[in-house]
Amino acid sequence: MAEDMTIESYLAAGGVLTNPMNVPPRYRAELMKLMATFVDSELAGAAGFADIINEGPGIKERIAAAKIVLEKTDNADCVLRIMGEFGANTERYATHHPWTARLERSADIGATRSEHDMRLAVFNYPIEGWVDAVVMNLLMSRAVVVQLAEFSMISYQPLAEAFRTIAPIEAHHGELALEGAVKLVEEGHAAGMQGSVDYWWPRVAASFGTGSSKKAGSLREMGLRKSSNTELRTRWEAEAGSLLENLGLKKP
């Protein structure tokens, strides 16, 4: 960074940061929010799937669900370690939140966060049975892939590298979900799956936030975003819609 260049102008020009000591306060606040949202969502997602493992129809399905729980927890820990470098209390963090807490199935909170933590709103809804779990994972894992492609380019290099390591792991969760979905269709569960698609589609879509985020410009200047919420959601809709079409299912 040139000596006469501010950190803000350095970031706006595409520069990267590598050390917590060099991070401006506003940047730190947004970075911590991003990390907390990811960690909380991974831990809440893992808790939801942990409850469903024994509903898997066979050993292979239960292994797949257990693998997802293990890897999501590990991914959360990977980012939590970086939060620790910024002073987060990592010892207390994971044990003092009700990760299994869920709303009523009929609740509709849009993109509102839980009062307990920073998880995405979608992780406040309960999973009902194996078919529902497979469909939720199919749609949400595709959303995570889209979001991680964005996060892998952020200007805080250690976190960008962590997300690049995590991305293929999360992509594999989507592959496991697709494998499970194909099997369910072959076994005649398409009608139940369509009901789950109709339930989860708008809730996963809401995880991208609104298209008119006032902070989008400043996040872009800080190198913490490149694409808008609308662009990310549109990408997800196209990719998830294609998956559903190949399964003989319809997006709402």
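Looking at the stretch 51-69 only, could you name the residues that are in contact (Cβ under 8 Å) with a residue 24 or more places away in the chain, among the aliphatic types (A, V, I, L, M) and closer than 26 Å to Phe163 by Cα?
Passing the criteria: Ala64, Ala65, Ile68.
Quick one: in the stretch 103-124, which of the residues that are open to solvent by less than 70 Å² (accessible area, probe 1.4 Å), out of contact with any helix residue (DSSP H, G or I) (no Cβ under 6 Å at 6 or more places or on another chain) and not in a helix (DSSP H, G or I) is modelled with the lowest pLDDT?
Filtering the stretch 103-124 for residues that are open to solvent by less than 70 Å² (accessible area, probe 1.4 Å), out of contact with any helix residue (DSSP H, G or I) (no Cβ under 6 Å at 6 or more places or on another chain) and not in a helix (DSSP H, G or I), the one modelled with the lowest pLDDT comes out as Ala107.
What number of residues within the stretch 230-252 are within 22 Å of Leu159 (Cβ to Cβ) and open to solvent by 20 Å² or more (accessible area, probe 1.4 Å)? Write out each step before concluding.
Initially, the stretch 230-252 is screened for residues within 22 Å of Leu159 (Cβ to Cβ), giving 231-232, 235-236.
Restricting the remaining residues to those that are open to solvent by 20 Å² or more (accessible area, probe 1.4 Å) gives 231, 235.
Of the residues in that region, 2 qualify.
Does the stretch 153-177 hold any residues that are open to solvent by 60 Å² or more (accessible area, probe 1.4 Å) and either assigned to a helix (DSSP H, G or I) or among the hydroxyl-bearing types (Ser, Thr, Tyr) (or both), and which are they?
Narrowing the stretch 153-177 to residues open to solvent by 60 Å² or more (accessible area, probe 1.4 Å): 153, 157, 161, 164-165, 168, 172, 175.
Matches in the stretch 153-177: Gln157, Glu161, Arg164, Thr165, Pro168, His172, Glu175.
Taking helices (runs of 4 or more DSSP H) that do not extend beyond the stretch 185-252, which have at least 3 residues that are within 16 Å of the chain's Cα centre (by Cα)? Talk me through it step by step, then tell me what you get.
Numbers: elements: 190-205, 216-221, 229-247.
Qualifying helices (runs of 4 or more DSSP H): 190-205, 229-247.
Quick check, is Lys33 among the basic types (Lys, Arg) and without any contact (Cβ under 8 Å) to a residue 24 or more places away in the chain? Break it down stepwise before answering.
Details: among the basic types (Lys, Arg): yes; without any contact (Cβ under 8 Å) to a residue 24 or more places away in the chain: no.
Considered against the rule, which asks whether it is among the basic types (Lys, Arg) and without any contact (Cβ under 8 Å) to a residue 24 or more places away in the chain, Lys33 comes out as no.
Kindly evaluate Ser218 against the criterion of being under 30 Å from Leu11 (Cβ atoms) and open to solvent by 20 Å² or more (accessible area, probe 1.4 Å). Don't jump to the end; show me each part of the working.
Numbers: under 30 Å from Leu11 (Cβ atoms): yes; open to solvent by 20 Å² or more (accessible area, probe 1.4 Å): yes.
Yes: the conditions hold for Ser218.
(1) more than 30 Å from Gly129 (Cα to Cα); (2) modelled with pLDDT under 95: which one isn't true of Tyr156, the others all being true?
So the condition that Tyr156 fails would be (2).
The values are calculated or read from the model by the stated rules, or taken from the named source; none is laboratory data. Keep in mind the model is a prediction, meaning the values are calculated, not measured. Cβ coordinates were reconstructed from backbone atoms using ideal geometry, including for glycine residues, and neighbour counts include every protein chain displayed. Note: areas computed on protein heavy atoms with side chains; ligands, DNA, RNA excluded. Shrake-Rupley method; radii C 1.70, N 1.55, O 1.52, S 1.80 Å.
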